[in-house]
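The values are calculated or read from the model by the stated rules, or taken from the named source; none is laboratory data. Every value quoted in this text rests on a predicted model; they were computed, and no experiment measured them. Cβ placement follows ideal geometry from the backbone for every residue including glycine, while neighbour counts extend to all protein chains displayed.
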Amino acid sequence: MTRQLQPGIYAPTQVFYHESTQDLDISTIEKHAVRLARAGISGIVTNGSNGEAVYLTTQERLQVTRITRNALDIAGFANPCRESISIRTL
């Protein structure tokens, strides 16, 4: 059975960093994803808004998607696409 994407706006989201360490700012990534979902965005595209993906390691890119998906699940926005489901298990 094929699952279609929910109609609406899909927003790219940027990656946030701690200024002093340049490590991922997990709390801000989580809050931003939930804020977008509560504002009515149909979907979030991680690692793609400002070209930051090329500066992240593979593990960091996966971590950003996991952080985002987990924050949305906890906030009650559990309608993941197949790819974010598979990334959770990597």
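Give me the pairs: first residue in the stretch 3-14 and more than 7 Å from Val45 (Cα to Cα), second residue at pLDDT below 75 and among the charged types (D, E, K, R), beta-carbon distance under 8 Å, and six or more apart or on different chains, which are they?
What qualifies is Arg3/Arg82.
Test Ala53 against the criterion of being surrounded by 12 or more Cβ atoms within 10 Å (Cβ to Cβ), within 23 Å of Ile74 (Cα to Cα) and not acidic (Asp, Glu), and give yes or no.
Details: surrounded by 12 or more Cβ atoms within 10 Å (Cβ to Cβ): yes; within 23 Å of Ile74 (Cα to Cα): no; not acidic (Asp, Glu): yes.
No, not satisfied.
Could you grab me the full set of residues in the stretch 1-60 that are under 17 Å from Ala71 (Cβ atoms) and basic (Lys, Arg)?
The answer is Lys31, Arg35, Arg38.
For Arg61, are the conditions met, namely being surrounded by 15 or more Cβ atoms within 10 Å (Cβ to Cβ) and modelled with pLDDT of 85 or more?
Judged against the criteria, Arg61 is a match.
Rundown of residues vs (1) within 9 Å of the chain's Cα centre (by Cα); (2) exposed (fewer than 11 other Cβ atoms within 10 Å of the Cβ); (3) modelled with pLDDT of 85 or more, yes/no style:
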residue: Ala39; (1), (2), (3): no, yes, yes
residue: Ala75; (1), (2), (3): no, no, yes
residue: Ala78; (1), (2), (3): no, yes, no
residue: Leu90; (1), (2), (3): no, yes, no
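For Ile29, which of the numbered conditions (1) in contact with a Leu (Cβ under 7 Å, 6 or more places away or on another chain); (2) modelled with pLDDT of 95 or more; (3) not acidic (Asp, Glu) fails to hold?
Answer for Ile29: the failing condition is (1).
Does Val45 satisfy the condition of being on the phi < 0 side of the Ramachandran plot, modelled with pLDDT under 95 and touching a helix residue (DSSP H, G or I) at 6+ places or on another chain (Cβ under 9 Å)? It would help to see each step written out before you state the result.
Numbers: on the phi < 0 side of the Ramachandran plot: yes; modelled with pLDDT under 95: yes; touching a helix residue (DSSP H, G or I) at 6+ places or on another chain (Cβ under 9 Å): no.
Taking the combined requirement at face value, the residue does not satisfy it.
Can you name the residue in the stretch 2-28 that is touching a Phe, Trp or Tyr at 6+ places or on another chain (Cβ under 8 Å) and not in a loop (DSSP other than H, G, I, E, B) and is also nearest to Thr57 (Cα to Cα) among such residues?
Leu24
Output the residues belonging to the stretch 32-71 that are part of a loop (DSSP other than H, G, I, E, B) and farther than 15 Å from Phe16 by Cα.
Filtering the stretch 32-71 for residues part of a loop (DSSP other than H, G, I, E, B) gives 39-42, 46-51, 56-57.
Residues satisfying the conditions are Ala39, Gly40, Ile41, Ser42.
Given the criteria among the polar types (S, T, N, Q) and modelled with pLDDT of 90 or more, does Ser86 qualify?
no
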